[in-house]
Amino acid sequence: MILQRASGAVRVDVGALNQRSYRIVRLKHVGRWIGALVVVVALALLVQAFAHGQIHWATVGEFLTAGVIVRGFGNTLLISFFAMIIGVSLGTLFAIMRLSANPVTRFVAWLYVWVFRGTPVMLQLLIWFNIALVFPRLVIPGLYEARMVDVVTPFVAALLGLGINEGAYMTEVVRGGISSVDHGQTEAAKTLGMSRFQTLRRIILPQAMRLIIPVMGNSAIGMLKFSSLAAAISMGEMLNAAQQIYFINGAVIELLFVCGIWYLAGTTVLSIVQYYIEQHFGRGVAGTPAKFSFRLPFRSNTPLSGGVEESKA
Amino acid sequence: MTTIVKAINVRKSFGAHQVLRGVDFEVENGEVLCILGPSGGGKSTLLRCINHLEDLNDGVIWVDGEIIGYELKGSTLHELPPRLLRMQQREIGMVFQHFNLFPHMTALENVIEGPVTVRKEPKAQAEARGRELLTSVGLADHCGAYPVQLSGGQKQRVAIARSLAMKPKIMLFDEPTSALDPELVGEVLDVMRALAATGTTMIVVTHEIAFARDVADRVAIMVDGEIREMGPPAEVLANPKDARVRSFLSRVLS
Ligand SMILES: Nc1ncnc2c1ncn2[C@@H]1O[C@H](COP(=O)(O)OP(=O)(O)OP(=O)(O)O)[C@@H](O)[C@H]1O
Ligand SMILES: [Mg+2]
């Protein structure tokens, strides 16, 4: 009944269809325009508020390129980069161990993930930083001996803490990627006489990368931000540098904004890099290169309007 | 004629389920053997035992002078270390029902993967031969295509070229046309027919009775993990003696 009434509103007699071509009037999206207006006004108010608030923008500009801050950001990048390398290497190693036929190896990998994924990074950073309390000296018999505090500097502690923690997450990610590759691929490689290592490197990992890279991109962005935790163990990265400055000059918000700008710049660059890497590993997949994970913020995400956009172009 | 494959009393179980119950056969150099039989009879398992994708529970498989997967010491078989097993496996080509092409590599890259990575051939030389092989299966224009860009029939022909690139002593085919649309079956069978004509030793599991009749030197009918009947296609297909074989053939021939 309802259906009938609804269609009744637009009922047309078949005889009325006497033209071959009609002009089409598009539906006016009034709601969309109002919505956009509200958002723009809200944004304008926000900008206005910050422009006239108790924030000294000149100070922000001044410290944006200050030597200590830039060096701090350099340290942030350095820590993130090497912690990621450690994380990805450990992740790949332990993922392979988790998939091994040897139960002992599997257990060790499981234990690693259990411990380092099950405790906060902050805690791990503090433990590495204070490791000298447990082991005052680092000794490799006959080869090397040193005081632990000299070896595990704040930088090394941050690297170990962040990298090993990241590795635990990457283990699960890489394992998922490897398991997702069809078993037929391994069999085909076997019939060609490829070794386990060759199969992994040439056949399995490149395909697993398709799943791993997007997650790894997010991890890298996360790492850039998590590295700020290293401020707590007085590692001289950007946030730590900013804190030291505002303890002296009192420009708290200004310096935090400076950090925010640098972090945003860093994560934006990473997103762009991720996009290109994904394209590389997406080769041979139906639909490439249409797979976006990085989008310009104003590009529509919905497939429907995306399609309209394309048909217009 | 010399024997190139000999299987003696091959037995294989998965858990309590006996899939191969003592299979014996011989294949001569250059011969084409087609294996037919009802689903679940163990045809795939037998092929997979020949190149040791599965290990055996009993019996031996011998290919061109070597026992596959084991070393004979007195009257015991010792499992081969992986390195030696791989050297045997690369001499035995295998074509799968679902192609199993490497999706992240082009057709040509698929074909040269074995020669370059395993045989350590120089890339230029492998590529030249890869192009030749792709040409011989009718895909000269598709060297740069990724598997997703190819039809099922084209994929299977790339897979055949990929196996041939390793210059195998024998070729195994496990239902190479079963996953294909009917109109694409012919192009793959044509390639296999041409291959048979070059004198390549082939063991082909197939449901294509016409192919078996035309191309096979002998057919074997496998039922419940045993070869029930084996001989020239004219004989076996026309008047089978075994009752189960008769009922199977009457179903597929009708
Ligand atoms: N890896 C395995 N684990 C357990 N059982 C298996 C395994 N592989 C095969 N089987 C069983 O072995 C039996 C024979 O399988 P096989 O694939 O060799 O038959 P087939 O003759 O090739 O059949 P089809 O014509 O359907 O391909 C089946 O009952 C199957 O379920
Ligand atoms: Mg089968």
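Scanning the range B:1-20 for residues that are within 11 Å of ligand 1 (Cβ to nearest atom) and either basic (Lys, Arg) or not in a strand (DSSP E or B) (or both) yields B:12, B:15, B:16.
When we screen A:196, A:175, A:202, A:147 for residues that are at pLDDT 90 or above, open to solvent by 10 Å² or more (accessible area, probe 1.4 Å) and over 18 Å from residue A:281 (Cα atoms), the only hit is A:196.
Looking only at residues in the range B:28-54 that are on the phi > 0 side of the Ramachandran plot and more than 14 Å from chain A (Cβ to nearest Cβ), which one is farthest from ligand 1 (Cβ to nearest atom)?
Pass one, the range B:28-54, residues on the phi > 0 side of the Ramachandran plot: B:30, B:37, B:40, B:42, B:52.
Among the residues that remain, those that are also more than 14 Å from chain A (Cβ to nearest Cβ) are: B:30, B:37, B:40, B:42.
Values: B:30: 25, B:37: 6, B:40: 4, B:42: 4 Å.
Only one residue tops the list, namely B:30.
Of everything listed in (1) more than 10 Å from chain A (Cβ to nearest Cβ); (2) open to solvent by less than 60 Å² (accessible area, probe 1.4 Å); (3) assigned to a strand (DSSP E or B); (4) away from ligand 2 (no atom under 16 Å from the Cβ), the single unmet condition for residue B:173 is (4). Taken over the range B:199-220, the criterion of being of a type outside the set (Lys, Arg), open to solvent by 40 Å² or more (accessible area, probe 1.4 Å) and under 21 Å from residue B:38 (Cβ atoms) is satisfied by B:207, B:208, B:210.
How about the range B:121-155: which of its residues are open to solvent by less than 10 Å² (accessible area, probe 1.4 Å), part of a helix (DSSP H, G or I) and among the hydrophobic types (A, V, I, L, M, F, W, C)? Matches in the range B:121-155: B:126, B:134. Restricted to helices (runs of 4 or more DSSP H) entirely inside the range A:1-102, those with at least 1 residues that are closer than 30 Å to residue A:244 by Cα and out of contact with any strand residue (DSSP E or B) (no Cβ under 7 Å at 6 or more places or on another chain) are A:30-52, A:57-64, A:67-98.
The condition of being of a type in the set (Asp, Glu) and open to solvent by 50 Å² or more (accessible area, probe 1.4 Å) holds for residue B:79.
The numbered conditions (1) within 13 Å of chain A (Cβ to nearest Cβ); (2) in a helix (DSSP H, G or I); (3) touching an Asp or Glu at 6+ places or on another chain (Cβ under 9 Å) are all true for residue B:166 except (2). Scanning the range B:14-47 for residues that are within 16 Å of ligand 2 (Cβ to nearest atom), surrounded by fewer than 19 Cβ atoms within 10 Å (Cβ to Cβ) and more than 19 Å from residue B:233 (Cβ to Cβ) yields B:14, B:17, B:39, B:40. Listed by position, the helices (runs of 4 or more DSSP H) enclosed by the range A:119-209 that each have at least 1 residues that are under 26 Å from the mean Cα position of the chain (by Cα) and away from chain B (no Cβ under 14 Å) are A:121-129, A:154-180.
The values are calculated or read from the model by the stated rules, or taken from the named source; none is laboratory data. Predicted, not measured: the structure shown is a model, and the values here were computed from it. Every residue, glycine among them, receives a Cβ derived from its backbone with ideal geometry; neighbour counts consider all protein chains shown. Calculation scope for accessible area: heavy atoms of the full protein, side chains included, ligands and nucleic acids excluded. Shrake-Rupley method; radii C 1.70, N 1.55, O 1.52, S 1.80 Å.
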